[in-house]
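Structure, as structure tokens:
The values are calculated or read from the model by the stated rules, or taken from the named source; none is laboratory data. Everything quoted here is computed from the prediction, not taken from an experiment. All Cβ positions, glycine included, derive from the backbone under ideal geometry; neighbour counts span all protein chains shown. To get the accessible areas, we keep the full protein, side chains included, count just its heavy atoms, and leave off ligands, DNA and RNA. Shrake-Rupley method; radii C 1.70, N 1.55, O 1.52, S 1.80 Å.
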Amino acid sequence: MKYSKEELNLENGLKKEWLVTNGIGGFASSTIIGTNTRKYHGLLVVPIIPPARRRLILSKIDESIIIDKRKYELFTNVGKNYISQGYKYQISFEKSMLPVFQYKVEDVEITKIICMEHFKNTVGVYYKIKNGKKSSKLILTPVMNFRNAHGINKNHIFKVEQKVKGQKLELKIDDGNPIYIKINDGKYIEHHNDIFYRMFYMEEEKRGFDPIENHAIPGRYEIELKPNEEKNISFVFSLEENIDEIKAEDVIKQEEVRLKKIVTDTGLINENTEDKELIEDFIITTDSFIAYRPSFGLHTIIAGYPWFLDWGRDSLIAFEGLLLKTKRFDIAKEVLLTFIRDIKYGLVPNGYSGYDNRPLYNSADASLLLFEEIKKYINYTNDYKFIKDNFYICLKKIIEAYITGIDVDDNNIYMERDGLIHSGTINTQNTWMDVKIGDFAVTPRNGKAVEINSLWYNALKIMEELAKKFETKKVAEMYAELAEKTQKSFNRKFYNSDKKSLYDVLGDDRIRPNQLFSLSLSYQVLNPAGKNAKEILKTVTNELYTKHGLRTLNRKDKQYIATYEGDSYRRDISYHQGITWPWLFGLYNDAYKNVIANTKEGKVKGELQKQYDLFVKNLRVTAKTMMYKEGCILSIAELYDSKPPYLPKGAFSQAWSVAEIFRIILDSKTEEEEGK
């Protein structure tokens, strides 16, 4: 995607962001005009214990050029009361695999490419310079830090230690890890006690956080250019000591080769591919969420950038779209192994501590989602042996634990006599709508939640299927009987005839999207051919549908909030109370397809198909808007406001948002396309 000079105005430039990652939880990110509007923005944000304990190392590089004694600043920095004007010299921004900035000052042309080295805490910044008729001097000034990626260094005085060896610099800031810097040309001029004061992060101010920060400026590099001279500058920043062996142009070439291979290996791109560019961009974006955990020796899935790590629930929901659709089956195996590695009393960790990688257990659904993703893995690979050798015993133990009860970290999960699962307490929220403010649960869902019981039935049916293959008919019948009991109780208790929907939790008649789990899984607890299924689908469409996803609460509810904004309290209050989440389209899509597939009446089936085709057609249009015109370029945000102008909010690049939209577009063919 390329943006012209006309599109790189200040208003537009400050809203659009970009992201590249390094495969171990690190990333580089900023806006398309190079202005940092978040404390999370930086050209080198690295995990000290991958993928956790992220640190901001290199905030940005401020470039300027002197032509015939006149200095031009190419950077755009924002203070509380000023904005520098470097964006006026930027003539384009492009992002397909990597971000590419182009500038023109008088008759001097400068291209900048930014790339992270895969599996390394290294960023290469590559400059291609075509000098004009006059001698000039390019000045590169690193703006640096060494702090927690979630924190901020306000009014901070930095301790900076430097060791200069030619064009190689070893730097320590505030006694942190050694930072190595290498450039292939130019002269380094050391600065002393130089501080970038009061960088202003406008997005943090909107979010109710302190928006002002200081950075260290250890020095600057000056590169002389003769008239009409062309130079390529490799500028590398790294925590790797072998920086002498690293060249920015090599890092770029290696990353482009790696990403092209990923695209090719999917087999999804050919001459006749519908929306070829969009599909290719989606494939490249899926890779940004895949990360390696060296301490596990396994891959995992980062839930979102810039602040999330790997979350069990999010990773499993994103699993099919990121890994199975792209045929990355070896990594899919590792991700499944990652989430059973620390199972405790039947609970799959819902995440790991960002400080010490300690597993966290606050989820009733992650363990049950594991069954669904294992089923999907089998559907794609037919690899029953891998499942039998590594998962079957574990899955049996999860079922046993849910039946007998789990009270790890006060999860309070157990099966009642009716075969339904109860989970949580008034103080323990362990479904995906899990926001708590102190001891206050914003969306209390303790009890018999609709998606937990839909997932429970699905898990039992999958165990019945696996038991037939791995054990005896008698064992399979045990799971079948329990599933039947669960299904009868579910159908008797969950349908709300007054609202033509399912109770969100037994006793709670709010209209929420969670009821779609009953129709969207491999085994549907609700009969998809029945009248109730069609009524539920209609209710969700009428009450919750937006072009970006589904609302988390219907608009008529007194607690409905349409806009995600303000400080952390206001945002937490609204998080699951009406805000739109794109990943919920995955449930909507699968529920629609299951209802269509099981509908016998030709006229009704045809009408449903027509409605579904329109949904997919509209989603293709919206997906292009989300990927190319809003928020983070070539990605999809965590959530969106539920009223115009439907702004992207939350994490600017979210795994399950990308995975589910990508999966729908790949899977779905409208009648018009099929006619072609």
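Worth a mention:
- Projected area averaged over orientations for region 546-635, convex hull of C-alpha atoms, nm²: 7.4
- Region 221-244 and region 453-506 have Cα centres separated by 63 Å.
- Accessible surface of region 584-644 [probe 1.4 Å, protein heavy atoms]: carbon and sulfur percent: 57
- At q = 0.09, 0.12, 0.16, 0.22 Å⁻¹ the log10 of I(q)/I(0) for region 144-274 amounts to -0.44, -0.71, -0.96, -1.24, computed by Debye summation with a single uniform scatterer per C-alpha, solvent ignored.
- Per residue, the accessible area of region 87-185 comes to 41 Å² when a 1.4 Å probe rolls over the protein heavy atoms.
- Summing +1 for each Lys or Arg and -1 for each Asp or Glu among the other residues whose beta-carbon sits under 12 angstrom from that of residue 437 gives -1.
- Peptides 203-215, 621-633, 593-605 ranked from most to least packed give 621-633, 203-215, 593-605, packing being the mean of other C-beta atoms within 10 angstrom over each peptide's residues.
- Between the helical axis of 602-628 and the longest alpha-carbon principal axis of the chain there is an angle of about 20 degrees.
- Dipole orientation for the chain: of the candidates 340, 20, 420, 420 has the Cα lying most toward the positive pole (charges on Cβ; Lys, Arg +1; Asp, Glu -1).
- When +1 charges are put on Lys and Arg Cβ atoms and -1 charges on Asp and Glu Cβ atoms, the dipole computed for region 129-221 relative to its Cα centre reaches about 660 debye.
- Along region 493-504 the Karplus relation, 6.51 cos²θ - 1.76 cosθ + 1.60 evaluated at θ = phi - 60°, assigns HN-Hα couplings of 9, 8, 6, 10, 5, 5, 9, 6, 8, 9, 4, 5 Hz to successive residues, with x for each Gly and Pro.
- Surface composition of region 1-153: carbon and sulfur make up 48 percent of the accessible area, probe 1.4 Å.
- Rounded to the nearest 20 debye, dipole of the chain from Cβ charges on Lys, Arg, Asp, Glu: 680
- The chain: angle of helix 450-470 to the longest principal axis, Cα-based, in degrees nearest 10: 80
- When each of the peptides 635-642, 279-286 is scored by how many other beta carbons lie within 10 Å of its residues on average, the order from highest to lowest is 635-642, 279-286.
- Partner aspartates and glutamates whose Cα lies under 19 Å from the Cα of residue 485, excluding those fewer than 8 positions away in the same chain, are identified as 400, 416, 418, 451, 464, 465, 477.
- Pairwise Cα distances in region 26-175 exceed 19 Å for 58 percent of all pairs.
- Lys/Arg +1, Asp/Glu -1 at C-beta; the chain dipole; positive extreme among 360, 257, 199: 199
- Note on region 278-339: Cα convex hull, mean projected area over all directions, 4.2 nm².
- Span from the region 83-107 Cα centroid across to the region 261-296 one, whole angstrom: 27
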